Amino acid sequence: MEMNYRSSIERVAKLIKESPLFYALTGAGISTESGIPDFRSPGTGIWEKVDPFATSTVHVLHENPALFYEAGFSRFAEMIQAEPNRAHHALKQMEDHGYLKGIITQNIDSLHWKAGSRRVWEVHGHLRTCHCQGCCQRFSFEVLVEKVAGGQIPPPCPRCSGILRPDVVLFGDTMSPAFFEAEEVLRKGCDLMMVIGSSLVVYPVADLVRFARKLVIINAQETNYDYRAEVVIREKCGQVLTDIVKALEE
Ligand code: NAD
Ligand code: ZN
């Protein structure tokens, strides 16, 4: 059913107030307003420039580390400079005000963390640390960036003869412990899930939607789950989330 923007915002605020167990599921689209390209937006998505399946996979990391660190790595190194936008800040406020119980994010950009959100499951990892594939020792992500920038490719571990890698879930990796934790939390009860900036085509994360009793989707493009949602808002999430926070205060 078509609803105008204002009544959609009010309906979402009402759903939030009625839902003790309210969670957000965020994707790359929440960070485009911070200057980080997503994968699938027409015209600006990363997919239209490089194919992450060809450069950012476990297979490439192991078989062709030079390609991994030369072609796929620069977008990681750039991402750590970004700052949270008003969508991230709005979610932090919703948590502060006692509405939002946690954020499950597919993003590796640390922007929920930088915005100060406390309960965040970064199910695809993050770019604050890296680790050695030999001795498993963790280092700050800057150690890895410095080695790559200095031409040490593949980047060696400062302690052993192993190779460093980012603490993110690549295509072909097993899922992170954070993913299984988030799954357990949602299994215990999720009255309302708000999907923000995700095309919901990356699995197994998209499967988490099945735990939601009610669903709200805020995404610029259509998704395959729109038919299941109580409310779908196809606008930029920075404005939408700002308006929802205002409506919650009214
Ligand atoms: P996706 O690129 O598949 O989908 C993003 C969706 O967000 C698109 O449908 C687009 O229409 C929408 N969108 C873009 N800007 C928006 C805005 N301002 N407001 C509302 N909607 C907007 O992203 P995905 O579903 O997260 O899957 C991509 C995978 O790639 C994820 O698993 C993620 O780990 C990774 N990734 C992460 C980052 C990051 O950390 N910022 C960036 C690119 C990719
Ligand atoms: Zn090592």
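The values are calculated or read from the model by the stated rules, or taken from the named source; none is laboratory data. On a predicted model such as this, the values are computed, not experimentally measured, just so you know. Cβ atoms come from the backbone with ideal geometry, glycine included; neighbour counts cover every protein chain shown. Protein only, heavy atoms only, side chains kept; ligands, DNA and RNA dropped before computing areas. Shrake-Rupley method; radii C 1.70, N 1.55, O 1.52, S 1.80 Å.
A compact table of results
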{"item": "Alpha carbon centroid spacing (whole Å) that separates the stretch 229-243 from the stretch 67-105", "result": "18"}
{"item": "Principal axes of the chain: Cα extent on each, largest first, Å", "result": "58, 36, 28"}
{"item": "Over the chain: helical MRE at 222 nm, DSSP H runs n ≥ 4 each giving -39500 (n - 2.57), nearest 500", "result": "-9000 deg cm²/dmol"}
{"item": "Relative contact order for the stretch 152-250, counting Cα pairs under 8 Å that sit 6 or more residues apart, in percent", "result": "18"}
{"item": "Cα-based Rg / Dmax (Å) for the stretch 189-250", "result": "11.8, 37"}
{"item": "Max mean-square fluctuation residue, GNM over the chain, Cα-Cα springs under 10 Å, options I163, I108, I16", "result": "I163"}
{"item": "In Å², nearest 10: area of H131 left accessible to a 1.4 Å probe", "result": "40"}
{"item": "Cβ-defined net charge surrounding K17, 13 Å radius [Lys, Arg +1; Asp, Glu -1]", "result": "-2"}
{"item": "Unit charges on C-beta of K, R, D, E only; dipole of the stretch 82-192, Debye", "result": "160"}
{"item": "Net charge of neighbours whose Cβ lies under 12 Å from the Cβ of E95, counting Lys and Arg as +1 and Asp and Glu as -1", "result": "+3"}
{"item": "Neighbourhood net charge (14 Å Cβ-Cβ; Lys/Arg +1, Asp/Glu -1) for I80", "result": "-4"}
{"item": "25 °C / 0.890 mPa s Stokes-Einstein diffusion coefficient of the stretch 1-145, Kirkwood radius on C-alpha pairs, µm²/s", "result": "142"}
{"item": "With at most 12 neighbouring Cβ atoms within 10 Å, loop trypsin sites (Lys or Arg not before Pro) (DSSP) excluded, longest segment of the chain", "result": "50-117"}
{"item": "Stokes-Einstein D for the stretch 72-190, Kirkwood Rh over Cα pairs, 10 °C, 1.306 mPa s (µm²/s)", "result": "101"}
{"item": "Debye equation applied to the C-alpha atoms of the stretch 146-250, log10 I(q)/I(0) at 0.11, 0.17 Å⁻¹", "result": "-0.55, -0.89"}
{"item": "Accessible-area ranking of Y69, Y5, largest first, probe 1.4 Å", "result": "Y5, Y69"}
